[in-house]
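The values are calculated or read from the model by the stated rules, or taken from the named source; none is laboratory data. Worth saying up front: this structure is predicted, and the values here are computed from it rather than measured. Every residue, glycine among them, receives a Cβ derived from its backbone with ideal geometry; neighbour counts consider all protein chains shown.
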């Protein structure tokens, strides 16, 4: 969905005659820069490894937001004590029991209500499992995005269009603006001002 409606063009410094393909291309460029499919509230699933000795993970897409009638952005969480990476093998009777009964690798459902969640930073603090051991891998399904597209994103969209229209290679007479061509000029179209507006929505990691 485009981040600017025709009725909003004058409010953000765009001529009323701006065609929809400019806005569509700018919207696609914003999504690409933020490394996410959309800035609206949608569902994501991530598998994350925990740092040894830590019970916290940080989700990639912010801000976390509940969708529809849900009261929490966390849809489902599973954790497991996966095979430790090099340097993470721990000693002790509890770990010997875990290995003896082949518990490593088994996914266990975690009650989302038992997870401390910060919607602004995306940090989750997980409970210990039934054996009192920390999980070292989790799979989290959650919802994140903007329930209402704000002025920062709309201003960024309009600025990208203005930057594109002032770029000679893009300002030639044509019937449709090609999104791939906009992507080619992204380094100049997504200027420092646009980057500042979009910084809160850029995914924390690639993937």
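Just to check your reading of the model, which residue among 193, 141, 148 is surrounded by 14 or more Cβ atoms within 10 Å (Cβ to Cβ) and either part of a helix (DSSP H, G or I) or modelled with pLDDT of 90 or more (or both)? Outline the logic, then answer.
Details: 193 fails: surrounded by 14 or more Cβ atoms within 10 Å (Cβ to Cβ); 148 fails: surrounded by 14 or more Cβ atoms within 10 Å (Cβ to Cβ).
Of the residues listed, the single one that is surrounded by 14 or more Cβ atoms within 10 Å (Cβ to Cβ) and either part of a helix (DSSP H, G or I) or modelled with pLDDT of 90 or more (or both) is 141.
Does residue 51 satisfy the criteria of being without any contact (Cβ under 8 Å) to a residue 12 or more places away in the chain and part of a loop (DSSP other than H, G, I, E, B)? Give the steps one after another, and end with the answer.
On the way: without any contact (Cβ under 8 Å) to a residue 12 or more places away in the chain: yes; part of a loop (DSSP other than H, G, I, E, B): yes.
So residue 51 passes the test.
Taking the criterion of being in a loop (DSSP other than H, G, I, E, B) and modelled with pLDDT of 90 or more, the only residue of the stretch 122-138 that qualifies is 122. Scanning the stretch 7-22 for residues that are farther than 13 Å from residue 149 by Cα, in a helix (DSSP H, G or I) and either modelled with pLDDT of 95 or more or in contact with a strand residue (DSSP E or B) (Cβ under 6 Å, 6 or more places away or on another chain) (or both) yields a count of 4. The conditions of being outside any loop (DSSP other than H, G, I, E, B) and at pLDDT 80 or above are not met by residue 97.
Just one residue in the set 85, 80 is exposed (fewer than 14 other Cβ atoms within 10 Å of the Cβ), under 23 Å from residue 205 (Cα atoms), modelled with pLDDT under 85 and not assigned by TED's automatic domain parsing to the domain that holds residue 12; that residue is 85.
Which one is surrounded by the most Cβ atoms within 10 Å (Cβ to Cβ), of the residues in the stretch 23-48 that are part of a helix (DSSP H, G or I) and out of contact with any helix residue (DSSP H, G or I) (no Cβ under 7 Å at 6 or more places or on another chain)? Before the answer, list the steps.
Pass one, the stretch 23-48, residues part of a helix (DSSP H, G or I): 23-33.
Still in the list and also out of contact with any helix residue (DSSP H, G or I) (no Cβ under 7 Å at 6 or more places or on another chain): 24, 31.
On the way: 24: 18, 31: 15.
Ranking the qualifying residues of the stretch 23-48, first place goes to 24.
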